[in-house]
Amino acid sequence: MSATGTCEYQPKDYKSDLKPIWCPGCGDFSVVQGIYRALAAIGRPPHEIAFVSGIGCSSRIPGYTTAYGFNSVHGRALPIAQGIKLANPDLLVLAAGGDGDGFSIGGGHIAHLIRRNMDITYIVMDNQIYGLTKGQLSPTSQKGRTTCTSRYGSLEEPVNPLLYVLAYGAGFVAQASPTDLVGMAAVIEEAIRYPGFAFVNIQSPCVTYGEEEHQIKGLKAISESLAGLGHNPADRLAAMDLAQHYGHKMHLGVFYRNPEPPPTYGDLVKERQTLLSKDALPKERILDLFIKK
Amino acid sequence: MAIRGIDYANLSLKDALDLAILIEDEAQERYEEFATQMDQHRTPEAAKFFRYMVENEAKHGRELSARRVARFGDAPSAVSRTMIYDIEAPDYDAARAFMSARKAMEAALASEVKAHGFFVAALPAIKDAEVRALFEELREEEILHQTLVKAELAKLSPDSQLSDEDFVDEPAPQ
Ligand SMILES: Cc1ncc(C[n+]2csc(CCOP(=O)(O)OP(=O)(O)O)c2C)c(N)n1
Ligand code: SF4
Ligand SMILES: [Mg+2]
C-alpha cells in the first residue's frame, strides 16, 4: 500500500535506482515518467512486467524502470519481446526504442507482430535522428535535413510511423509527446490495456542533435488533440487521413482503437495447444518421436 | 504543468494538504535529478544550486507533512502522484548539459512562477474556507521561494552573465 493509501502502486515503485545518462533536457526523461504513471495506473507489480528495447539513447529506458528489462540488440526489440510473451503469456510485455531502431533496422519486424496481434505495447521515441550515434539521418528525418550523413540535405521522404502501422492493421495506434504529460500517460495506459498489438509514437525531442522545430516549443506550436477535433478512434480510415499530417502537425491522442479486437496470437496458440494436448506425448517421452523403434 | 482528476470544489483540507505535499515531493525529486545530471556533466555550480533547491522543497514538504499528521494522523488520502504533473517541478527540458549557475537559477525561478500561477488559477474554484486559506498561503509561499532564488541570482558575479554558448562547444556529430 502506498504512503497516501489510494492505490497499490505509485509511479515511484517503477523507478529504478539507475541514474539516466541522457543529456539534460532530453525528451526521454518525460517519456519514462509517462511510463511510470501508466504502469502505476495499471497496477501490475514490477516483477510481472518485461520491458525490452533495442539500441539507442531511447532504448536505455528499461534500465530506468524496476520491470525486468532487456536492452537488447539494435532493431530486435520486437522479436525478443514476442518470444518472451509466448514463453510467459502472463507477463505484461512492453517494447520500446527509437525511430531508427524501430523503422530502419527493425522495420521489418513490426508487420509480423501486427498481423499476429501480439499482445505487446510498443513505444517509439521518435526524435527524427540517430541520437546515440551522434546525429545521423534517421528514417523519420525530414526531407532536406542536413546531418553528418546528409551533408547537402537528405533526398529521402521520411517514413510515416503512424501510417505504417495503420496500414498493416494495428489495432491500437496513438501519438503522444512530453508537451502533454497527462495525455502521454493516458495513452500509454490505454495501449497497455488494449488486448493486442498497441503502438504509441512519442515525439520526444533530442535536445542535442534535434532541430529547433522538433523541440518542445516547436512541437507545442503544431500540436492538436485528436479528442478536441472530435475524431472517432473507431474509424480507421479517418485515422489514416489524420495520420497523413505526420511531420507537419502533431496530433495527440488515440488515432485508432479497434472496437472488436481479434484474438491475440497468444490466445490462438493456447487454443491450438489445448486441441492438440489430448494426443500429446508427456514431456519425458518426446524423444521417442525421434527414435526409430 | 497539469493536474488530473482533482475536483477543487470538493477538495477537503486533508487532501489539499496531501496535494501540497505531493507537489513539494515532485519538485524535490526533480531538483535531485537535475543535480545528478549536472554532476554527470561536470557542472558543479549548477548541481550545488539544484541541491539548495532540493533542501528548500524538502523543508517545505516536511512542514506540510507535520501539519497533515497533527491534524489528520494517517487517515488515507484521496490524492496521488499520478494526479499531478510538473506543478512546482521544473520541466525536464529546463535542464541543459553544461548549465551555468545562472541558467540553473533562472530555470528554478521560472518554475516558482509557474507554481504561483497554479495556485492563483485553482483558487476561484475552491469553496471550502480552510482549503482556500491553505491555497492562499501556498500561493504566497511561492512568492517567498521566488525571492530566495532572486537573492541567489543577485549573489552571482557579473561575469556569470556570459552565455553558456560562449564556453561550450557545439555537439560534434561523427
Ligand atoms: C546492428 C547495429 N547496427 C548499427 C548500430 C549503431 N547504432 C546504435 S544506435 C543507432 C541508432 C539510434 O537511433 P534511434 O534508434 O533513433 O535511437 P535514439 O538514439 O535516437 O534514441 C545505431 C545506428 C548498432 N548498435 N548495431
Ligand atoms: S543525444 Fe539526443 S536522444 Fe540522446 S540522450 Fe542526448 S538529447 Fe536524448
Ligand atoms: Mg532517434
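No lab work stands behind these numbers, since they all come straight from the coordinates. The shown structure was predicted, so the numbers you read here are calculated from the model rather than taken from an experiment. For neighbour counting, all protein chains shown are included, and Cβ atoms are generated from backbone atoms with ideal geometry for every residue, glycine included.
I'd like the full set of residues that are away from ligand 1 (no atom under 15 Å from the Cβ) and closer than 18 Å to residue A:243 by Cα, limited to the range A:201-219.
Listed by number, the list holds a single entry, A:219.
So, in the range B:1-26, of the ones that are part of a helix (DSSP H, G or I) and closer than 12 Å to residue B:122 by Cα, which residue ends up farthest from the other protein chains (Cβ to nearest Cβ)?
Only one residue tops the list, namely B:9.
Give, as residue ranges, the strands (runs of 3 or more DSSP E) completely inside the range A:189-293 that count at least 3 residues that are touching a residue at least 40 places away in the same chain (Cβ under 8 Å) and in contact with a Leu (Cβ under 6 Å, 6 or more places away or on another chain).
So the answer is A:250-257.
Per-residue answers, yes or no, for (1) facing chain B (nearest Cβ under 10 Å); (2) within 13 Å of residue A:92 (Cα to Cα):
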site	(1), (2)
A:17	no, no
A:38	yes, yes
A:48	no, yes
A:51	no, yes
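Is it true that some residue in the range A:150-163 is among the aromatic types (Phe, Trp, Tyr) and in contact (Cβ under 8 Å) with a residue 24 or more places away in the chain?
no
Based on what the data block shows, is residue A:116 over 29 Å from residue B:1 (Cα atoms) and within 14 Å of chain B (Cβ to nearest Cβ)?
no
Within the set of pairs 6+ apart or on separate chains, which have a first residue in the range B:146-158 that is in a helix (DSSP H, G or I), a second that is of a type in the set (Asp, Glu), and C-beta atoms under 8 Å apart?
B:146/B:112; B:149/B:112; B:153/B:106
Considering only the range A:8-49, state which residues are within 16 Å of ligand 1 (Cβ to nearest atom) and part of a loop (DSSP other than H, G, I, E, B).
Once the filter is applied, which keeps residues that are within 16 Å of ligand 1 (Cβ to nearest atom) and part of a loop (DSSP other than H, G, I, E, B), the range A:8-49 yields A:20, A:21, A:22, A:23, A:24, A:25, A:26, A:27.
Against the condition out of contact with any Leu (no Cβ under 9 Å at 6 or more places or on another chain), outside any helix (DSSP H, G or I), over 15 Å from residue B:112 (Cα atoms) and not acidic (Asp, Glu), how does residue B:98 come out, does it pass?
Against the criterion (out of contact with any Leu (no Cβ under 9 Å at 6 or more places or on another chain), outside any helix (DSSP H, G or I), over 15 Å from residue B:112 (Cα atoms) and not acidic (Asp, Glu)), residue B:98 qualifies.
Take the residues of the range A:79-110 that are closer than 25 Å to residue A:270 by Cβ and within 16 Å of ligand 3 (Cβ to nearest atom): which is surrounded by the fewest Cβ atoms within 10 Å (Cβ to Cβ)?
A:110
Being over 20 Å from residue A:261 (Cβ atoms), within 16 Å of ligand 3 (Cβ to nearest atom) and away from chain B (no Cβ under 14 Å) is true for just one of A:158, A:178. Which residue is that?
Unique residue meeting the criteria: A:158.
Can you name every residue in the range A:38-63 that is surrounded by fewer than 24 Cβ atoms within 10 Å (Cβ to Cβ) and in contact (Cβ under 8 Å) with a residue 40 or more places away in the chain?
Residues satisfying the conditions are A:41, A:42, A:44, A:48, A:49, A:50, A:55, A:60, A:63.
Test each condition in (1) within 10 Å of another protein chain (Cβ to nearest Cβ); (2) more than 16 Å from ligand 2 (Cβ to nearest atom); (3) crowded, with 18+ Cβ neighbours inside 10 Å for residue A:12 and report the one that comes out false.
Tallying (1) within 10 Å of another protein chain (Cβ to nearest Cβ); (2) more than 16 Å from ligand 2 (Cβ to nearest atom); (3) crowded, with 18+ Cβ neighbours inside 10 Å, residue A:12 fails exactly one: (3).
Under 24 Å from residue A:207 (Cα atoms) and hydrophobic (A, V, I, L, M, F, W, C) - does that describe any residue in the range A:2-19?
yes
When you go through (1) of a type in the set (Phe, Trp, Tyr); (2) farther than 18 Å from residue B:143 by Cα; (3) surrounded by fewer than 19 Cβ atoms within 10 Å (Cβ to Cβ) one by one for residue B:52, which number turns out not to apply?
The single condition residue B:52 does not satisfy is (2).
Can you confirm whether residue A:242 is crowded, with 20+ Cβ neighbours inside 10 Å, over 29 Å from residue A:116 (Cα atoms) and in contact with a strand residue (DSSP E or B) (Cβ under 7 Å, 6 or more places away or on another chain)?
No; evaluated as a whole, the condition is false for this residue.
Hey, can you tell me all the residues within the range A:50-71 that are touching a Pro at 6+ places or on another chain (Cβ under 6 Å) and assigned to a helix (DSSP H, G or I)?
The one that is touching a Pro at 6+ places or on another chain (Cβ under 6 Å) and assigned to a helix (DSSP H, G or I): A:64.
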